[in-house]
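The values are calculated or read from the model by the stated rules, or taken from the named source; none is laboratory data. If you're wondering where the values come from, they're calculated on a predicted model, not measured in any experiment. All Cβ positions, even for glycine, are placed from backbone atoms using ideal geometry, and neighbour counts span all protein chains on display. Side chains included, ligands, DNA and RNA excluded: accessible areas come from the protein's heavy atoms. Shrake-Rupley method; radii C 1.70, N 1.55, O 1.52, S 1.80 Å.
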Amino acid sequence: MTKFASIAVAALGAALLPAAAHAQTAPAPAAAPAPAAAPAAQTAPTTGATVYDGSGVEVGKIEGISGGNAVVFTGTNRATIPLTSFGTSPKGPTLGMTKAELDAAATQAGAAAAQEIRSKIVAGAPVHGTAGAVLATVRQVNGDQVVLATAKGSAVSVPIAGIGSNEQGLFVSMTQAEFDAAVAATAPAKTTKK
C-alpha cells in the first residue's frame, strides 16, 4: 500500500489572488468612453492542471479534487491544498509557495502525521477496515512493524506505514475479506505427516 504525506495548507496563494476592481463614477463625457479591458477569466483549478508559483515556475500537477481540496503532486510529495488557496495566472493555477517550499512543508507534515499515528499504535488499540468494522487489535510494535491480532486468534505483521488514522482511530485500507485473505496468505503452510 502506498502512503503519501498529505497536508492541508491554509491561506496559500492569498497574496496572489487578484484584487477586486473598484468602479469609479464620473459625469458622462460627451463621447462614449472606450470599453474597459475585461479582467482575465477566473478558472477553478482542475484535475490534471499544472500549478505554478508566483514567478511562473512549475510547482506540480493537480492529481485530484475532492471536498474543496486539491491534491498536488510535486514529483516528490503529495499535498492536499484548499481550493481557496489557489490564485490564477495566464499559465494556470498558482500557489504562494515554490516547489521546494511545498516539498519541505509536505515532508514536515508527513513526519508530524507519522509521529501522531505512531503515538496511537499501542497494545490493545483497535484497527478498523475501510467499512469501519474492527479488523484486529494491536498486539505489539516491533520497530517499523506492527503485529495485529485478529478476533480468530491469528496474528499478522504489517508495516507501520500501512496504518493510518482517522476519526474512528487506527485503520488499514482493506475490507474484512481483503484483510482475512492477507492474514491467510501470511500463515505458515501446514504440513501433513505421512
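Mind checking the full-extension length gain between LYS61 and ALA182? Use 0.36 nm per residue of separation minus the Cα-Cα distance, one decimal, nm.
Once the chain is fully extended between LYS61 and ALA182, it gains 40.2 nm.
Roughly how many Å² of THR46 are accessible to a 1.4 Å probe, to the nearest 10?
The accessible area of THR46 comes to roughly 80 Å².
Pick out, from THR88, ILE163, THR98, the residue whose Cα sits farthest towards the positive end of the charge dipole of the range 78-167, with +1 on the Cβ of Lys and Arg and -1 on the Cβ of Asp and Glu.
ILE163
What is the sum of charges, Lys and Arg at +1 and Asp and Glu at -1, for the other residues whose Cβ falls under 12 Å from the Cβ of ILE121?
Spelling it out: positives minus negatives among the neighbours equals +1.
Please list, ordered by chain and number, the residues whose modelled amide H lies under 5 Å from the amide H of ASN69; skip anything fewer than 5 residues away on the same chain.
Distant-sequence amide H within range of ASN69: LEU83.
VAL138: net charge of surrounding residues, Cβ under 12 Å, Lys/Arg +1, Asp/Glu -1, itself excluded? Walk me through the intermediate numbers first.
Details: positive: ARG118, LYS120, ARG139; negative: none.
Surrounding charge for VAL138 is +3.
Quick check: from the Cα gyration tensor, does the range 45-128 come out rounded (a/c under 1.5), prolate or oblate?
Because a/c hits 1.5 or more and a/b exceeds b/c, the range 45-128 counts as prolate.
Treating the beta-carbon of each Lys and Arg as +1 and of each Asp and Glu as -1, no other charges, what is the dipole magnitude of the range 34-145 about its Cα centre, to the nearest 20 debye?
It works out to roughly 220 debye.
Net charge near VAL71, counting Lys/Arg +1 and Asp/Glu -1 over other residues with Cβ under 11 Å of its Cβ? Show your work: numbers first, answer last.
Numbers: positive: LYS61, ARG78; negative: GLU63.
Charge balance near VAL71 sits at +1.
Assuming a ≥ b ≥ c are the square roots of the Cα gyration tensor eigenvalues, decide whether the range 127-170 counts as rounded (a/c under 1.5), prolate (otherwise, with a/b larger than b/c) or oblate.
Oblate is the answer for the range 127-170, as a/c is 1.5 or above yet b/c matches or exceeds a/b.
Less than 20 Å apart at the alpha-carbon level, and either on another chain or at least 8 residues along: which aspartates and glutamates does that give for LYS61?
ASP53, GLU101, ASP103
Per 5 Å bin, what is the whole-percent P(r) computed from every C-alpha pair distance within the range 110-194?
All Cα pairs, binned at 5 Å, distribute as 3, 15, 27, 25, 15, 7, 4, 2, 1, 1, 0 percent.
For the range 73-173, state which trypsin sites (Lys or Arg not before Pro) are in a DSSP loop and have at most 10 other beta carbons lying within 10 Å of their beta carbon.
Here the trypsin sites (Lys or Arg not before Pro) that fit, given the DSSP loop and packing criteria, are LYS152.
Ignoring ligands, DNA and RNA, how do SER66, SER165, SER157 rank by accessible area with a 1.4 Å probe, largest first?
SER66, SER157, SER165
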